[in-house]
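**Q** Dropping the structure in here first, questions after.
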Amino acid sequence: MELPLSSLPRKLNHHCPLCGRILVNDDVEIISLHNNQMMVYTTCGSCGVGLIAKVSWLPQGLVGLGVLTDLTRDEVKQTANLSPITADDVLAIKMLTDKGYLEIKV
Ligand SMILES: [Zn+2]
């Protein structure tokens, strides 16, 4: 199924959840695009809050979920392309902390 990219800016036309200003579509950037899902980032020009939205194109239409963030656009780009944490990663951290090579403070 092809994504309706030409209609995306119109679909994302909404207000900032923090200050209520209308978000400008020109500030919306597609961070990643895979199959029928994309991650977009925008910044409110009034209060400066960042908004990350995951948008999926389904047969029923566009479905999106957004979160406010203090991450910059570049930070979101860097983290969006990282590999997910695996079970082996968690076990390696556990072994390092058990042997005293690594300390985790909460
Ligand atoms: Zn705002």
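Each reported figure results from applying straightforward, stated rules to the coordinates on display, with no laboratory input. These numbers come from a predicted model, not from an experiment. Don't worry about glycine lacking a Cβ; one is built from the backbone with ideal geometry, like all the others, and counts go over all protein chains shown.
**Q** Across the chain, how many lysine pairs separated by 8 or more positions, or lying on different chains, have Cα atoms within less than 25 Å?
**A** 4
**Q** A further question follows. Report the relative contact order of the chain, percent, no decimals, based on alpha-carbon pairs under 8 angstrom and at least 6 residues apart.
**A** 16 percent
**Q** Return ILE93, ILE85 ranked ascending by Cβ neighbour count within 10 Å, so the fewest neighbours appear first.
**A** Ordered from fewest to most neighbouring Cβ atoms within 10 Å, ILE93, ILE85 come out as ILE85, ILE93.
**Q** Continuing with the same structure: Using a 10 angstrom cutoff on alpha carbons, build the Gaussian network for the chain and name the most mobile of LEU82, LEU33, LEU18.
**A** The residue that fluctuates most here is LEU82.
**Q** Can you work out the PRE-style zone for ARG73? Point 7 Å along Cα to Cβ, and I want the residues of the range 29-59 with backbone N under 19 Å.
**A** Of the residues in the range 29-59, 29-33, 38-55 have backbone N under 19 Å from the label point off ARG73.
**Q** Quick one: helix 87-98 against the long Cα principal axis of the chain, what's the angle to the nearest 10°, folded into 0 to 90?
**A** Roughly 40 degrees, rounded to the nearest 10.
**Q** Nearest 5 percent is fine: what portion of the DSSP beta bridges confined to the chain is antiparallel?
**A** Antiparallel bridges make up about 100 percent of those DSSP assigns within the chain.
**Q** List, largest first, the extents of the alpha carbons of the chain along their principal axes, each in whole Å.
**A** So the extents along the principal axes, rounded to whole Å, are 54, 36, 20.
**Q** By per-residue mean of other Cβ atoms within 10 Å, what is the highest-first order of 37-45, 52-60?
**A** Ranking the peptides 37-45, 52-60 by packing returns 37-45, 52-60.
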